[in-house]
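The values are calculated or read from the model by the stated rules, or taken from the named source; none is laboratory data. Keep in mind that this is a model prediction, so the values were computed, not measured. Neighbour counts are summed over all protein chains in view; Cβ atoms, including those assigned to glycine, are modelled from backbone coordinates with ideal geometry. SASA here: full protein model, heavy atoms, side chains in, ligands and nucleic acids out. Shrake-Rupley method; radii C 1.70, N 1.55, O 1.52, S 1.80 Å.
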Amino acid sequence: MNKYSVITAIAIIVIVTPFVFSTMNIVGSQQLEYRWHSPGTFSFFTMSNHGEMEFCNTLPFWMTFEKFEVSMFYTGTNVGSYEVKPLTLNPSASGVQEGVFSSENISNAQHTFMNFDFEFDSGDIRLDPNQFIVVVQTHTPILGIIPYSSTTQISAFNFDQMMNVEDLTCD
């Protein structure tokens, strides 16, 4: 093998590696499992006071996300968002990360959350749960500069069930 072939092979590896890493992050963010750090104790009200989430990388390679954001909407109005900063997860492993809740009207958000927590725990229906939507976005930029996000929209009841799950694949 001559020196030009070696230089070409090294150049190809150097060029392809960032794209492979970005692809792994995108696939990993779509397969990511998550729940509240203390299984079975999640409530929207607790989330409004910050707290920790546990993330599970179900794939056999490393995965990184830049931002994980949970936005809650009631009757089309943004009630608030819970945001987790960057995290890197080892293959088939879990990690815990602190999150911060923010809202333009925190007292209104907490009142709404208390009502839905009561409803989801078999209480009387006071607010229409079909109007309470959760949007989960995982931001994983391509090559560190091109914005990319994976977005999932689910009902608040289903999100509540996901956050209270006892076992993740990584357990």
* Asked: When the helices in the chain are scored as -39500 (n - 2.57) per DSSP H run of 4 or longer and the sum is shared across all residues, what 222 nm value do you end up with, to the nearest 500 deg cm²/dmol?
  -> -10500 deg cm²/dmol
* To do: Report the calculated FRET efficiency for residue 83 and residue 4 (r = Cβ-Cβ distance, R0 = 45 Å), to the nearest 0.05.
  => 0.35
* Asked: What are the semi-axes of the equivalent ellipsoid for the chain, taken as the square roots of 5 times the Cα gyration tensor eigenvalues, largest first, in whole Å?
  -> 39, 16, 12
* Asked: Any idea how far the Cα center of the stretch 64-105 sits from the one of the stretch 132-171, in Å?
  -> 8 Å
* Considering only protein heavy atoms, what per residue accessible area in square angstrom results for the stretch 36-77 with a 1.4 angstrom probe? -> 40 Å²
* To do: May I ask you to give the percent of accessible area on the stretch 3-164 that is carbon plus sulfur, with a probe radius of 1.4 Å?
  => 58 percent
* Structure fact -> Taking Cα atoms, the helix 106-120 axis meets the longest principal axis of the chain at an angle in degrees (rounded to 10) of 80 degrees
* **Computed accessible area, residue 20, all protein chains, 1.4 angstrom probe, square angstrom** => 70 Å²
* Asked: Given Cα pairs under 8 Å that are at least 6 residues apart, what percent is the relative contact order of the chain?
  -> 27 percent
* Structure fact -> Using alpha-carbon positions, the gyration tensor of the stretch 121-171 gives root eigenvalues a ≥ b ≥ c; with a/c under 1.5 called rounded, otherwise prolate if a/b exceeds b/c, else oblate, the class is oblate
